[in-house]
Structure formats: structure tokens, C-alpha cells
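Reading through the C-alpha cells given below for one structure.
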Amino acid sequence: MKNLISAEPKTLPSTMRYVAHGEGGGPQVLQLAEGSVPAPGPREVLIEVAFAGVNGPDVQQRSGHYPPPPGASAVLGLEVAGRVAARGGEVTQWNIGDEVCALTPGGAYAEYCVTDASHCLPIPRGLGLAQAAALPENLFTAWTNLIDRGRLRSGESTLIHGGSGGIGYTAIQLAKLHGATVFTTSIFSVGK
């Protein structure tokens, strides 16, 4: 672990527990397993997990219908909240002990998780770690599509489909924060 800055005086364990899903299936396939604590690369942080979010891809992966992308962790979990336990030598924006929420390439259903330091966000004022664990996927998705790709500017109008869902709701808030006029659609169905 060259160029690794870790928690002091606490030393990191070599093993951790994580949620395994075997070959996939229903929720009953989930079980605790033990494995090695991942080591962060030069631009990554190791997060001591307090809470993990639950997303559609996690459910699909658990059921065996969504293999992780090449290089991603086989452990479930795309978003997490916790404390920075270690960081790579090139990471300067986060300190050991900082509370963060983060988008991960998998691995959040574990005691420790590695992610790129640029995928971390500070915990918003007024939110605890439990609530913050559900933010990164929605925020990064909405921001990337509206601001980075869509280049939304103040005074413009935007149409957001699925405004009642998590990503749609977040996109509405980001668009309004950027001074845009928002139009949205939402599907409402009534059972038989």
C-alpha cells in the first residue's frame, strides 16, 4: 500500500464483512461473508461504511441479471455514507475522519468501500449519514445530465420526465437552483 495515508492511531483491519449474493436470486440469497479490506489507489479513498443506499442496479445484480462492469467490485452497493478511513497519496481534498457520501463502483454493502475521491460529497448540513447514503446516485445522475451534458443555464426551460421519482425529483431541485423554469411529467396509475 505505497503512498497510502491511513487512520491514526487506529490501524485498519486486514479483513471485513460484506454482503454476498452468490450466483444471484431473491433476497434470501444474501448472506454475510468475509474478505479483504480493499486498498485505495493513488486517487481513491477508503470509506468506513456507516450506511449504504439501495438502488435498482443493486437489486438487478443481486438477482443475477446485472453483472458488475469490468474492474468494478463484485460486492453490491453503488452509494455509501461513512468516514474516510484511508486515502491514496494523491488525495488532498479529503482528510482521515471526514464524513462523506459517495458514488461507488460497487462495494458499498461492506464494512469498508473504495471509491474515487472525486466521487465523494460532504454530508449536507442538517442530514445524517443514513439520509446522505441515498443522495449520490440521484445527485450525480441529475447533475451530469442537466448541468454537464445539458448545460442548463438560468432563464432556460427544461422538461423532466418522471418528476415524482428520485432522480426526477432531484433534477427538478437542481434545475430550479440554477434558475431554470421546470416542466415535468409523472405517471400515476390506479390499481384495478
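The values are calculated or read from the model by the stated rules, or taken from the named source; none is laboratory data. It should be emphasised that the depicted structure is a prediction, and the values quoted were computed from it without experimental measurement. Neighbour counts run over all protein chains shown; Cβ positions are idealised from the backbone, glycine included.
A few notes on this one:
- In region 24-100, counting only strands (runs of 3 or more DSSP E) that sit wholly within it, the ones holding 1 or more residues that are farther than 15 Å from H119 by Cβ and without any contact (Cβ under 8 Å) to a residue 40 or more places away in the chain span 31-36, 79-88.
- Answer from G168, G126 - the residue that is modelled with pLDDT of 95 or more and over 16 Å from the mean Cα position of the chain (by Cα): G126
- Residue match in region 15-29 (condition: touching a strand residue (DSSP E or B) at 6+ places or on another chain (Cβ under 9 Å) and of a type in the set (D, E)): no
- The single residue among G155, G126, G165 that is in contact with a strand residue (DSSP E or B) (Cβ under 9 Å, 6 or more places away or on another chain) and either under 30 Å from G41 (Cβ atoms) or not hydrophobic (A, V, I, L, M, F, W, C) (or both) turns out to be G155.
- Candidates in region 1-23 are the residues that are of a type in the set (A, V, I, L, M) and modelled with pLDDT of 90 or more; of these, the one that is nearest to the chain's Cα centre (by Cα) is V19.
- Qualifying residue in region 136-146 (condition: at negative phi, buried (at least 16 other Cβ atoms within 10 Å of the Cβ), under 23 Å from the mean Cα position of the chain (by Cα) and in contact (Cβ under 8 Å) with a residue 60 or more places away in the chain): yes
- Scanning region 122-135 for residues that are farther than 11 Å from A52 by Cα and either surrounded by fewer than 16 Cβ atoms within 10 Å (Cβ to Cβ) or outside the structural domain of G88 (by TED's automatic domain parsing) (or both) gives P122, P124, R125, G126, L127, G128.
- Which listed residue is crowded, with 22+ Cβ neighbours inside 10 Å and among the basic types (K, R), from R153, R83, R149, R87: R87
- Across region 24-57, the qualifying residues are those that are at pLDDT below 90 and closer than 24 Å to L129 by Cα, and the one among them that is surrounded by the fewest Cβ atoms within 10 Å (Cβ to Cβ) is G56.
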